[in-house]
Amino acid sequence: MGTNLRRALRPGASTALIFASLILVSCDEKQKEDKASIEACTEALLHLLPQRPQERADRFTGKVEQFRALCRGGQRAVAAMNSPWVDWSNYWGTGDTTSLAPGILFSKGPLSPSGRGVTGALLDLELQRVELIRFNLFENSGTFKEYILGRNKVEGPVLRSWTPFELPKDHPAYKDIRIVEGEQLCQNDLIRGRTLTGICNDVRNPLMGATGQLFARNVEFDTTFPDLGGKCDGTGAPRRPYRASEAGSAGNQPPATYADPVEA
């Protein structure tokens, strides 16, 4: 018995035993982190819809609450929350292979670590995009009228294509555009690669971002266009200057007497 014990504890066997113990401890720690992450996801579900900011200073800047970071990236994402960079870059599955995690409770699908990380990153990017448009980017190419009044009984905020971004009929590429239910759609060679003029960067809005298009403003309309001229509805009803952010406020739909700003 003593001989067998000494053989079992010889240097090679001892090293293997220590290594196996470390693996078990490591697995246990990973399991604890995965469990804590799932629990954080439960809290995230209770706060599924973030609060809607009313002021530009309160808009979403890519920094999330600790429970969201833990749900989407574990302790690594939590530890990086104090950095000035957006949090989603530290979520599982958003970087190289080192950002992947096997997952103890869920290894595949949307509830796996990578599934939660990538989905969370996409949600963060979309929320940033929406609030940037609402608070910082003020369109001055003519789409604001349709955003306020809508088009063809469709409310402006849910429109996917915009009349000012349609190709004119005399444009050389107009013949290659497909018309579906009155909307222009880019197709074939126009979307296989970047065009020289930048048309069809957006399949539903051929002129968006093309050469000659105006950049969106970062200054509110009521500052740059204090005297809004023209009438949108043709009724001649008086209008007042408005803030661009009013268009996105919940339950605050501007009346039809609002018009788009005119160029100075």
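Each reported figure results from applying straightforward, stated rules to the coordinates on display, with no laboratory input. All values reported here derive from a predicted model rather than from experimental measurement. Positions of Cβ are generated from backbone atoms using ideal geometry, with glycine treated the same way; all protein chains shown enter the neighbour counts.
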THR163 to ARG56: FRET efficiency via 1/(1 + (r/R0)^6), r the Cβ-Cβ distance, R0 35 Å, to the nearest 0.05? 0.80
Given points 7 Å out from each Cα along the Cα-Cβ axis, report the LYS30 to PHE215 separation in nanometres with one decimal. 4.8
Can you list which of the GluC sites (Glu not before Pro) found in the range 54-134 are DSSP loop residues with at most 15 other C-beta atoms within 10 Å? GLU55, GLU65
Estimated inter-spin distance, LYS153 and ILE191, nm [label 7 Å along Cα→Cβ]: 2.7
Placed amide H near ARG151: partners under 5 Å, 5+ positions off or other chain: GLY156
Rounded to the nearest 0.05, FRET efficiency between LYS108 and ASP170 (Cβ-Cβ, R0 51 Å) equals 0.45
Estimated FRET transfer efficiency when R0 is 25 angstrom, pair LEU132-GLU65 (beta carbons, to 0.05): 0.80
Can you work out the Karplus-derived ³J(HN,Hα) for every residue in the range 201-208? Use 6.51 cos²θ - 1.76 cosθ + 1.60 with θ = phi - 60°, whole Hz, and x for glycine or proline. 4, 10, 4, 8, 10, x, 8, 5
Please enumerate, by chain and number, the lysines with C-alpha under 25 Å from the C-alpha of LYS145, excluding those fewer than 8 residues away in the same chain. LYS153, LYS169, LYS231
